[in-house]
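Data block below; observations after.
The values are calculated or read from the model by the stated rules, or taken from the named source; none is laboratory data. This one's a predicted model, so the numbers in the text were calculated from it and none came from an experiment. With ideal geometry, Cβ positions are generated from the backbone for all residues, glycine too; neighbour counts draw on all protein chains shown. Just so you know, the surface numbers come from the protein's heavy atoms only, side chains and all, with ligands and any DNA or RNA stripped out. Shrake-Rupley method; radii C 1.70, N 1.55, O 1.52, S 1.80 Å.
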Amino acid sequence: MSEPARLSRRYSTMVVATISLVVLTCVAYLIPVPYVTMRPGPAFNTLGTFDGKPVLSFGAGVKTYPTTGALDFTTVSVSPPDAKLSLADAVRAYFDRDVAVVPRSLRYPDDESAKQSNAEAAAQLDSSKDASTVAALRAAGYTVTARPQVDSVVKDGPAAPVLKAGDIITSVNGTEVASARDAVTAIAKVKPGDPVEIGVERDGKDQSFDIVTRPDEADPAVPRIGIALGTKYTYPIEITNNVGGNVGGPSAGSMFALAIYDQLTPGQLTGGKKIAGTGEITADGVVGAIGGVRQKMRGAANAGASIFLVPAANCAEATDGDDDGLTLVKITKLDDAISSLEALAKNPDAKVPACS
(Lines give C-alpha, C1' and ligand atoms only; values in the text may rest on other atoms or scores of the structure.)
Protein backbone atom coordinates (compact mmCIF):
# COMPACT_ATOMS: atom_id res chain seq x y z
CA MET A 1 0.00 0.00 0.00
CA SER A 2 1.36 3.39 -0.94
CA GLU A 3 2.22 6.02 1.66
CA PRO A 4 -0.65 8.37 0.64
CA ALA A 5 -3.11 5.47 0.92
CA ARG A 6 -1.82 4.58 4.39
CA LEU A 7 -2.13 8.18 5.52
CA SER A 8 -5.63 8.42 4.09
CA ARG A 9 -6.67 5.21 5.84
CA ARG A 10 -5.15 6.38 9.12
CA TYR A 11 -6.92 9.73 8.78
CA SER A 12 -10.22 7.98 8.09
CA THR A 13 -9.75 5.78 11.16
CA MET A 14 -9.03 8.84 13.33
CA VAL A 15 -12.12 10.60 12.01
CA VAL A 16 -14.30 7.57 12.72
CA ALA A 17 -12.81 7.26 16.23
CA THR A 18 -13.34 10.95 16.91
CA ILE A 19 -16.93 10.85 15.70
CA SER A 20 -17.56 7.71 17.78
CA LEU A 21 -16.11 9.39 20.85
CA VAL A 22 -18.28 12.45 20.30
CA VAL A 23 -21.37 10.29 19.82
CA LEU A 24 -20.63 8.22 22.91
CA THR A 25 -20.02 11.37 24.95
CA CYS A 26 -23.30 12.86 23.78
CA VAL A 27 -25.16 9.64 24.57
CA ALA A 28 -23.57 9.44 28.03
CA TYR A 29 -24.48 13.08 28.61
CA LEU A 30 -28.14 12.27 27.95
CA ILE A 31 -28.32 9.12 30.10
CA PRO A 32 -30.53 9.63 33.20
CA VAL A 33 -28.68 9.87 36.52
CA PRO A 34 -30.04 8.96 39.99
CA TYR A 35 -30.40 12.54 41.22
CA VAL A 36 -33.20 15.06 41.75
CA THR A 37 -33.16 18.85 41.82
CA MET A 38 -34.42 21.22 44.49
CA ARG A 39 -35.38 24.71 43.34
CA PRO A 40 -36.88 27.78 45.05
CA GLY A 41 -40.65 27.45 45.31
CA PRO A 42 -43.34 30.06 45.96
CA ALA A 43 -43.86 31.78 49.31
CA PHE A 44 -47.30 31.98 50.94
CA ASN A 45 -48.42 34.57 53.48
CA THR A 46 -49.88 32.78 56.52
CA LEU A 47 -51.73 35.99 57.37
CA GLY A 48 -53.31 36.02 53.91
CA THR A 49 -55.19 33.58 51.70
CA PHE A 50 -54.53 30.22 50.07
CA ASP A 51 -56.60 29.04 47.10
CA GLY A 52 -59.15 31.76 47.77
CA LYS A 53 -59.59 30.99 51.47
CA PRO A 54 -57.93 32.52 54.54
CA VAL A 55 -54.92 30.45 55.49
CA LEU A 56 -56.27 30.48 59.04
CA SER A 57 -59.96 30.67 59.91
CA PHE A 58 -61.14 31.23 63.49
CA GLY A 59 -64.42 30.07 64.95
CA ALA A 60 -67.33 32.35 65.78
CA GLY A 61 -66.74 34.38 68.90
CA VAL A 62 -62.94 33.96 68.88
CA LYS A 63 -61.25 37.26 69.69
CA THR A 64 -58.62 38.13 67.08
CA TYR A 65 -56.52 41.23 66.52
CA PRO A 66 -55.69 43.03 63.25
CA THR A 67 -52.18 42.74 61.89
CA THR A 68 -50.34 43.91 58.79
CA GLY A 69 -47.26 42.85 56.91
CA ALA A 70 -46.67 39.20 56.08
CA LEU A 71 -45.45 35.99 57.67
CA ASP A 72 -44.51 33.88 54.67
CA PHE A 73 -43.87 30.18 54.75
CA THR A 74 -41.47 29.14 52.02
CA THR A 75 -41.39 26.08 49.80
CA VAL A 76 -39.03 24.05 47.65
CA SER A 77 -39.88 22.62 44.25
CA VAL A 78 -38.46 19.08 44.03
CA SER A 79 -38.39 17.11 40.81
CA PRO A 80 -40.72 14.08 41.07
CA PRO A 81 -39.30 10.56 41.61
CA ASP A 82 -40.15 9.50 38.07
CA ALA A 83 -38.43 12.52 36.47
CA LYS A 84 -35.55 11.70 34.14
CA LEU A 85 -32.63 13.96 35.08
CA SER A 86 -29.86 13.65 32.50
CA LEU A 87 -26.19 14.12 33.24
CA ALA A 88 -26.35 17.33 31.22
CA ASP A 89 -29.26 18.60 33.35
CA ALA A 90 -27.43 17.64 36.54
CA VAL A 91 -24.26 19.45 35.47
CA ARG A 92 -26.17 22.61 34.53
CA ALA A 93 -28.10 22.52 37.81
CA TYR A 94 -24.89 21.98 39.79
CA PHE A 95 -23.53 25.30 38.58
CA ASP A 96 -26.79 27.14 39.31
CA ARG A 97 -26.52 28.58 42.82
CA ASP A 98 -30.30 28.56 43.22
CA VAL A 99 -30.55 24.82 42.62
CA ALA A 100 -29.42 21.86 44.73
CA VAL A 101 -28.69 18.47 43.17
CA VAL A 102 -29.15 15.62 45.64
CA PRO A 103 -29.22 11.81 45.35
CA ARG A 104 -32.71 10.54 44.58
CA SER A 105 -32.44 8.07 47.49
CA LEU A 106 -32.20 10.93 49.99
CA ARG A 107 -35.42 12.53 48.82
CA TYR A 108 -37.28 9.37 47.82
CA PRO A 109 -35.99 6.49 49.99
CA ASP A 110 -36.69 2.88 49.04
CA ASP A 111 -37.72 3.86 45.49
CA GLU A 112 -40.72 5.73 46.83
CA SER A 113 -43.33 6.50 44.17
CA ALA A 114 -44.84 9.91 43.52
CA LYS A 115 -48.12 8.73 45.06
CA GLN A 116 -46.38 7.48 48.20
CA SER A 117 -44.33 10.66 48.47
CA ASN A 118 -47.42 12.88 48.15
CA ALA A 119 -49.30 10.85 50.76
CA GLU A 120 -46.40 11.11 53.19
CA ALA A 121 -46.06 14.86 52.58
CA ALA A 122 -49.79 15.35 53.17
CA ALA A 123 -49.60 13.40 56.44
CA GLN A 124 -46.63 15.51 57.54
CA LEU A 125 -48.55 18.69 56.72
CA ASP A 126 -51.52 17.54 58.81
CA SER A 127 -49.23 16.73 61.74
CA SER A 128 -47.57 20.12 61.33
CA LYS A 129 -50.94 21.87 61.48
CA ASP A 130 -51.78 20.14 64.78
CA ALA A 131 -48.39 20.81 66.35
CA SER A 132 -48.33 24.47 65.28
CA THR A 133 -51.85 25.06 66.60
CA VAL A 134 -51.03 23.51 69.99
CA ALA A 135 -47.74 25.43 70.30
CA ALA A 136 -49.32 28.75 69.32
CA LEU A 137 -52.33 28.39 71.61
CA ARG A 138 -50.15 27.53 74.58
CA ALA A 139 -47.84 30.47 73.81
CA ALA A 140 -50.91 32.73 73.69
CA GLY A 141 -52.02 31.54 77.14
CA TYR A 142 -54.64 28.95 76.21
CA THR A 143 -54.88 25.48 77.75
CA VAL A 144 -54.74 22.57 75.32
CA THR A 145 -55.38 19.08 76.69
CA ALA A 146 -53.56 16.08 75.24
CA ARG A 147 -54.57 12.43 75.62
CA PRO A 148 -53.03 9.21 74.25
CA GLN A 149 -54.92 7.91 71.22
CA VAL A 150 -54.71 4.73 69.16
CA ASP A 151 -53.56 5.84 65.71
CA SER A 152 -53.55 2.39 64.14
CA VAL A 153 -53.89 -1.28 65.03
CA VAL A 154 -51.60 -3.97 63.63
CA LYS A 155 -53.52 -6.50 61.58
CA ASP A 156 -53.59 -9.88 63.37
CA GLY A 157 -51.88 -8.27 66.38
CA PRO A 158 -53.00 -8.94 69.98
CA ALA A 159 -55.15 -5.79 70.11
CA ALA A 160 -56.77 -6.25 66.67
CA PRO A 161 -59.96 -7.97 67.93
CA VAL A 162 -60.80 -5.28 70.49
CA LEU A 163 -59.10 -1.91 69.92
CA LYS A 164 -59.84 0.56 67.12
CA ALA A 165 -58.09 3.58 65.65
CA GLY A 166 -59.41 6.64 67.49
CA ASP A 167 -59.75 4.94 70.88
CA ILE A 168 -58.50 7.13 73.72
CA ILE A 169 -56.29 5.18 76.15
CA THR A 170 -57.37 6.11 79.67
CA SER A 171 -55.63 3.50 81.83
CA VAL A 172 -53.25 0.54 81.85
CA ASN A 173 -53.84 -2.13 84.50
CA GLY A 174 -56.08 0.25 86.40
CA THR A 175 -53.59 3.12 86.47
CA GLU A 176 -54.57 6.31 84.65
CA VAL A 177 -52.28 7.44 81.83
CA ALA A 178 -52.07 11.01 80.56
CA SER A 179 -49.80 10.61 77.55
CA ALA A 180 -48.67 8.12 74.94
CA ARG A 181 -45.36 7.85 76.78
CA ASP A 182 -47.17 6.99 80.01
CA ALA A 183 -49.11 4.25 78.24
CA VAL A 184 -46.01 2.74 76.63
CA THR A 185 -44.15 2.81 79.95
CA ALA A 186 -47.03 1.12 81.76
CA ILE A 187 -47.38 -1.63 79.14
CA ALA A 188 -43.62 -2.23 79.25
CA LYS A 189 -43.91 -3.30 82.90
CA VAL A 190 -45.89 -6.40 81.87
CA LYS A 191 -44.05 -9.66 81.20
CA PRO A 192 -44.33 -10.68 77.50
CA GLY A 193 -47.07 -13.26 77.19
CA ASP A 194 -49.02 -11.97 80.18
CA PRO A 195 -52.32 -10.09 79.82
CA VAL A 196 -52.64 -6.34 80.27
CA GLU A 197 -55.85 -4.45 80.98
CA ILE A 198 -56.34 -1.47 78.66
CA GLY A 199 -58.98 1.11 79.54
CA VAL A 200 -60.30 3.18 76.65
CA GLU A 201 -62.82 5.87 75.89
CA ARG A 202 -64.78 5.17 72.70
CA ASP A 203 -67.66 7.30 71.46
CA GLY A 204 -67.86 8.95 74.88
CA LYS A 205 -68.13 5.63 76.75
CA ASP A 206 -65.54 3.96 78.97
CA GLN A 207 -64.58 0.38 78.19
CA SER A 208 -61.91 -2.06 79.35
CA PHE A 209 -60.20 -4.93 77.51
CA ASP A 210 -57.78 -7.65 78.57
CA ILE A 211 -55.13 -8.15 75.89
CA VAL A 212 -52.48 -10.87 75.95
CA THR A 213 -49.12 -9.30 75.12
CA ARG A 214 -46.60 -10.75 72.69
CA PRO A 215 -42.81 -10.43 72.74
CA ASP A 216 -41.33 -7.87 70.39
CA GLU A 217 -39.73 -9.50 67.36
CA ALA A 218 -36.52 -7.51 67.73
CA ASP A 219 -36.37 -7.72 71.53
CA PRO A 220 -38.29 -10.64 73.10
CA ALA A 221 -38.02 -9.03 76.53
CA VAL A 222 -40.32 -6.19 75.44
CA PRO A 223 -44.11 -6.77 75.48
CA ARG A 224 -46.24 -5.55 72.59
CA ILE A 225 -50.00 -5.36 71.97
CA GLY A 226 -49.81 -4.26 68.33
CA ILE A 227 -50.88 -0.63 68.27
CA ALA A 228 -49.38 2.69 67.24
CA LEU A 229 -50.04 5.52 69.66
CA GLY A 230 -50.47 9.21 68.94
CA THR A 231 -51.96 12.19 70.72
CA LYS A 232 -55.50 13.53 70.68
CA TYR A 233 -55.65 17.26 71.35
CA THR A 234 -58.70 19.12 72.58
CA TYR A 235 -58.64 22.77 71.57
CA PRO A 236 -60.32 25.54 73.59
CA ILE A 237 -61.19 27.46 70.42
CA GLU A 238 -61.83 26.55 66.80
CA ILE A 239 -59.03 27.15 64.31
CA THR A 240 -58.99 25.82 60.75
CA ASN A 241 -55.83 25.73 58.64
CA ASN A 242 -56.84 25.78 54.97
CA VAL A 243 -53.44 25.10 53.40
CA GLY A 244 -53.40 22.01 51.21
CA GLY A 245 -53.29 21.24 47.53
CA ASN A 246 -49.76 20.79 46.25
CA VAL A 247 -48.15 21.94 49.48
CA GLY A 248 -46.90 19.23 51.83
CA GLY A 249 -44.33 18.42 54.47
CA PRO A 250 -43.73 19.74 57.99
CA SER A 251 -41.52 22.78 57.37
CA ALA A 252 -44.26 25.45 57.47
CA GLY A 253 -45.05 24.65 61.10
CA SER A 254 -43.16 27.50 62.73
CA MET A 255 -44.75 30.09 60.41
CA PHE A 256 -48.24 28.65 61.01
CA ALA A 257 -47.66 28.97 64.74
CA LEU A 258 -46.48 32.57 64.47
CA ALA A 259 -49.51 33.53 62.39
CA ILE A 260 -51.92 31.97 64.89
CA TYR A 261 -50.17 33.67 67.81
CA ASP A 262 -50.06 37.02 66.00
CA GLN A 263 -53.80 37.02 65.37
CA LEU A 264 -54.74 35.88 68.88
CA THR A 265 -52.65 38.48 70.72
CA PRO A 266 -52.60 42.31 70.70
CA GLY A 267 -50.06 44.10 68.56
CA GLN A 268 -48.35 42.75 65.48
CA LEU A 269 -45.22 40.64 65.19
CA THR A 270 -44.31 41.88 61.73
CA GLY A 271 -44.02 45.58 62.42
CA GLY A 272 -45.67 45.92 59.01
CA LYS A 273 -42.77 44.16 57.26
CA LYS A 274 -42.70 41.13 55.01
CA ILE A 275 -41.09 38.35 57.03
CA ALA A 276 -40.44 34.82 55.85
CA GLY A 277 -39.11 31.69 57.45
CA THR A 278 -39.17 27.95 57.81
CA GLY A 279 -38.90 25.26 60.44
CA GLU A 280 -40.68 22.15 61.63
CA ILE A 281 -42.27 22.61 65.06
CA THR A 282 -43.37 20.32 67.88
CA ALA A 283 -46.38 20.78 70.13
CA ASP A 284 -43.91 21.94 72.78
CA GLY A 285 -42.78 24.75 70.50
CA VAL A 286 -39.35 23.36 69.61
CA VAL A 287 -38.23 24.32 66.10
CA GLY A 288 -36.43 21.61 64.11
CA ALA A 289 -34.25 21.48 61.03
CA ILE A 290 -35.62 21.30 57.50
CA GLY A 291 -34.25 20.65 54.01
CA GLY A 292 -33.58 23.11 51.21
CA VAL A 293 -32.94 26.17 53.36
CA ARG A 294 -30.86 27.88 50.65
CA GLN A 295 -33.66 27.46 48.09
CA LYS A 296 -36.20 28.74 50.61
CA MET A 297 -34.07 31.80 51.28
CA ARG A 298 -33.97 32.58 47.58
CA GLY A 299 -37.75 32.09 47.34
CA ALA A 300 -38.22 34.46 50.28
CA ALA A 301 -35.98 37.09 48.68
CA ASN A 302 -37.83 36.73 45.38
CA ALA A 303 -41.09 37.38 47.27
CA GLY A 304 -39.69 40.59 48.77
CA ALA A 305 -38.98 39.48 52.35
CA SER A 306 -36.40 41.34 54.42
CA ILE A 307 -36.15 39.00 57.43
CA PHE A 308 -35.82 35.22 57.31
CA LEU A 309 -36.30 32.94 60.32
CA VAL A 310 -33.84 30.04 60.26
CA PRO A 311 -33.91 26.95 62.50
CA ALA A 312 -30.71 26.95 64.56
CA ALA A 313 -29.68 23.59 63.09
CA ASN A 314 -29.80 25.08 59.58
CA CYS A 315 -27.71 28.19 60.31
CA ALA A 316 -24.44 26.75 59.00
CA GLU A 317 -26.05 25.90 55.66
CA ALA A 318 -27.91 29.21 55.52
CA THR A 319 -24.71 31.23 55.90
CA ASP A 320 -22.73 29.15 53.39
CA GLY A 321 -23.15 31.62 50.54
CA ASP A 322 -25.00 34.81 49.67
CA ASP A 323 -27.62 35.92 52.23
CA ASP A 324 -29.78 37.29 49.38
CA GLY A 325 -30.11 40.58 51.28
CA LEU A 326 -31.98 38.88 54.13
CA THR A 327 -31.51 39.37 57.85
CA LEU A 328 -31.12 35.80 59.13
CA VAL A 329 -32.70 35.35 62.55
CA LYS A 330 -31.85 32.13 64.40
CA ILE A 331 -34.72 30.35 66.17
CA THR A 332 -34.74 27.26 68.39
CA LYS A 333 -38.20 27.63 69.93
CA LEU A 334 -41.42 29.44 69.13
CA ASP A 335 -40.76 31.77 72.06
CA ASP A 336 -37.44 32.77 70.44
CA ALA A 337 -39.16 33.68 67.20
CA ILE A 338 -41.85 35.68 69.01
CA SER A 339 -39.41 37.65 71.16
CA SER A 340 -37.08 38.35 68.23
CA LEU A 341 -39.88 39.59 65.99
CA GLU A 342 -41.36 41.72 68.78
CA ALA A 343 -37.93 43.31 69.33
CA LEU A 344 -37.40 43.97 65.60
CA ALA A 345 -40.92 45.42 65.27
CA LYS A 346 -40.04 48.00 67.93
CA ASN A 347 -36.49 48.63 66.74
CA PRO A 348 -35.23 47.41 63.34
CA ASP A 349 -31.68 47.58 64.71
CA ALA A 350 -32.41 45.49 67.80
CA LYS A 351 -29.89 42.73 68.58
CA VAL A 352 -31.53 39.33 68.25
CA PRO A 353 -30.09 35.82 67.85
CA ALA A 354 -28.65 35.59 64.36
CA CYS A 355 -27.05 33.03 62.07
CA SER A 356 -23.38 33.86 61.72
Remind me, relative contact order of segment 134-173 in percent, using alpha carbon pairs under 8 angstrom and six or more residues apart?
-> 36 percent
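So for segment 241-356: antiparallel DSSP bridges make up what percent, rounded to the nearest 5? Intermediate values should be presented prior to the final figure.
Working: 4 of 12 bridges.
Antiparallel bridges: around 35 percent, rounded to the nearest 5.
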Which residues' amide hydrogens lie under 5 Å from the amide hydrogen of Thr278, considering only partners 5 or more residues apart or on another chain, with H built in the peptide plane?
-> Leu309
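How high is the relative contact order of segment 259-332, given as a whole-number percent (alpha carbon pairs under 8 Å, six or more residues apart)?
Numbers: 103 pairs, mean separation 22.7, N = 74.
Here the relative contact order equals 31 percent.
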Interchain or long-range residues, amide H under 5 Å from Leu71's placed H = Thr46, Leu47, Ile275
Which lysines does Lys115 reach when only Cα atoms under 19 Å apart count, and residues fewer than 8 places away in its own chain are ignored?
-> Lys84
Taking 7 Å along the Cα-to-C-beta vector as the label spot, tell me the Ala188-Ile237 distance in nanometres, rounded to one decimal.
-> 3.8 nm
So what's the gap between the Cα centers of segment 338-356 and segment 247-322, to the nearest angstrom?
-> 14 Å
State the percentage of accessible surface on segment 139-282 attributable to carbon and sulfur atoms; use a 1.4 Å probe and exclude ligands, DNA and RNA.
-> 47 percent
For Ile227, distant residues with modelled amide H under 5 Å away = Val154
Taking a ≥ b ≥ c as the square roots of the Cα gyration tensor eigenvalues, with a/c under 1.5 meaning rounded and otherwise prolate when a/b beats b/c or oblate if not, segment 295-356 comes out oblate
